[in-house]
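Notes follow the structure.
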């Protein structure tokens, strides 16, 4: 049994069939070939697989693929589609050295994108709270928090 | 293919499916069930998703507060009436998991998963919540304390669906608070305590205490309630609480530490609840 789903992926309408026991993470990586979204723990602990569904950050590893029907999905691939230019949050991660090995970065960026849409002028403590579900094993999070602050400042003042 | 997936549009349809399909499980947010399936600890033949059933996600705040079992933890936390009238519940939701988990997970799922450490359970016990259960076409209600039976075990019979959690409005002058301690934020609680206090000058009128992660189910600590008084800094309540729990030793903490911690959390939660009631100050 395969289940037809229709959804919007990074602004484009998608119509595919999914196996009932697959997750959104499987759908993105294996069916759509969009491998920017990473698989870490597959238990909803590490946040490497974070994508934004209908404006909210979710763990795609726990999201049943059939539930994606009728939703709007934003992944890391959807951020920089503007002729290869990085989005504000991505550029801030680069400029603030908010990345080391890079494996957690797509999830961190997606969490930050959803969070900043809700809270465009956050305090550091709020950023740290927002990142509870995203593990980075390289860094001490300081530069990641700085990157998100930088993105927030630039959204208010593009020269920052 | 490990299981097939069904998306009924109504409670009637969901009930009928559960009756007809062998080895079926209901799924809501999936933040617990999908993990257990992934680990091979659970092998359902069919998942019946309740996510398309709109009536499960509504939150009505009238004389009582009725929270649809399918309301996400995020939506419940964001609801202004819940923040204002049930602050201990809001505090437990803010402490639960990550944003990603709160965006998917539901309040009904947190209760149906029946973890001894379920964060929303102690405050809901303190608020005398009851649950509404759909059995075929009939509805039955239970006090939450009778719904939670043991680790992973609830009063739900095969095919029954938890549809709502109903919380009476706390009387004017009630203060409440929730505290949890875990190794790290994302981990399950080592111990958690919710308390509510209504005082009349320094004399207590109504006191409720409940704890999580220190017994087979989250439970009301009635012995602590019976002796709780602000005049001894809640000392007797803390001592009674330590005697009324049945903590275990596991990878998170020893039973001895959980017992010690529970006494401290009971005292702090009562102090915070009394302060929140506006009738008593912390540094009197």
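Only the coordinates and a few stated rules stand behind these numbers; no lab work does. Note that the coordinates shown come from a computational prediction; the quantities given were computed from them, not determined experimentally. Here the Cβ is made from the backbone with ideal geometry for all residues, glycine too, and neighbour counts use every protein chain on show.
The figures follow:
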| read-out | value |
| --- | --- |
| Residue-span extension gain [residue B:227 to residue B:12] - 0.36 nm each, minus C-alpha spacing | 72.7 nm |
| Estimated FRET transfer efficiency (residue B:246, residue B:23; beta-carbon r; R0 35 Å; 0.05) | 0.60 |
| Among A:73, A:53, A:16: highest mean-square fluctuation, GNM of chain A, C-alpha pairs under 10 Å | A:16 |
| Residue exposure sequence - A:38, B:153 - by fewest surrounding Cβ within 10 Å | B:153, A:38 |
| Within 10 Å of each Cβ in A:65-73, the average number of Cβ atoms from other chains | 2 |
| Selected from B:128, B:12, B:75 as most flexible by GNM, with chain B as the system and alpha-carbon contacts under 10 Å | B:12 |
| Gaussian network model of chain B, springs between alpha carbon atoms under 10 Å - residue of B:143, B:171, B:123 with greatest fluctuation | B:171 |
| Paramagnetic reach from residue B:268 in region B:106-144 [backbone N under 13 Å; point 7 Å along Cα→Cβ] | none |
| Cα gyration tensor shape for chain B, rounded if a/c is under 1.5, else prolate or oblate | prolate |
| Cα pair distances exceeding 15 angstrom across region B:206-267, given as percent | 42 percent |
| Overall form of region A:68-154 per C-alpha gyration tensor (a/c, 1.5; a/b vs b/c) | rounded |
| Residues B:64, A:8, sorted so that the one with the fewest Cβ neighbours within 10 Å comes first | B:64, A:8 |
| Other protein chain Cβ atoms within 10 Å, averaged over every residue that makes up A:53-63 | 6 |
| Kirkwood Rh in Å, taken over all unlike Cα pairs in region A:3-78 | 12.0 Å |
| Residue A:157-residue B:94 pseudo-label distance in nm [points 7 Å out on the Cα-to-Cβ vector] | 3.0 nm |
| Helix-only mean residue ellipticity at 222 nm for chain B, each DSSP H run of n ≥ 4 adding -39500 (n - 2.57), per residue, nearest 500 | -9000 deg cm²/dmol |
| FRET efficiency for residue B:206 and residue B:254, using Cβ-Cβ distance with R0 set to 30 Å, rounded to 0.05 | 0.35 |
| Order of A:110, B:272, B:17, A:123 under a 10 Å beta carbon neighbour criterion, fewest first | A:123, B:17, B:272, A:110 |
| Computed label-point distance, nm, for sites residue A:100 and residue A:39 using a 7 Å Cα→Cβ extension | 2.5 nm |
| Prolate/oblate/rounded label for the protein assembly as shown (Cα gyration tensor, a/c 1.5) | oblate |
| Spin-label model distance (nm) - residue A:123 vs residue B:39, 7 Å beyond Cα toward Cβ | 3.5 nm |
| CD proxy at 222 nm, helix term only [per DSSP H run n ≥ 4: -39500 (n - 2.57); per residue of chain A; nearest 500] | -8500 deg cm²/dmol |
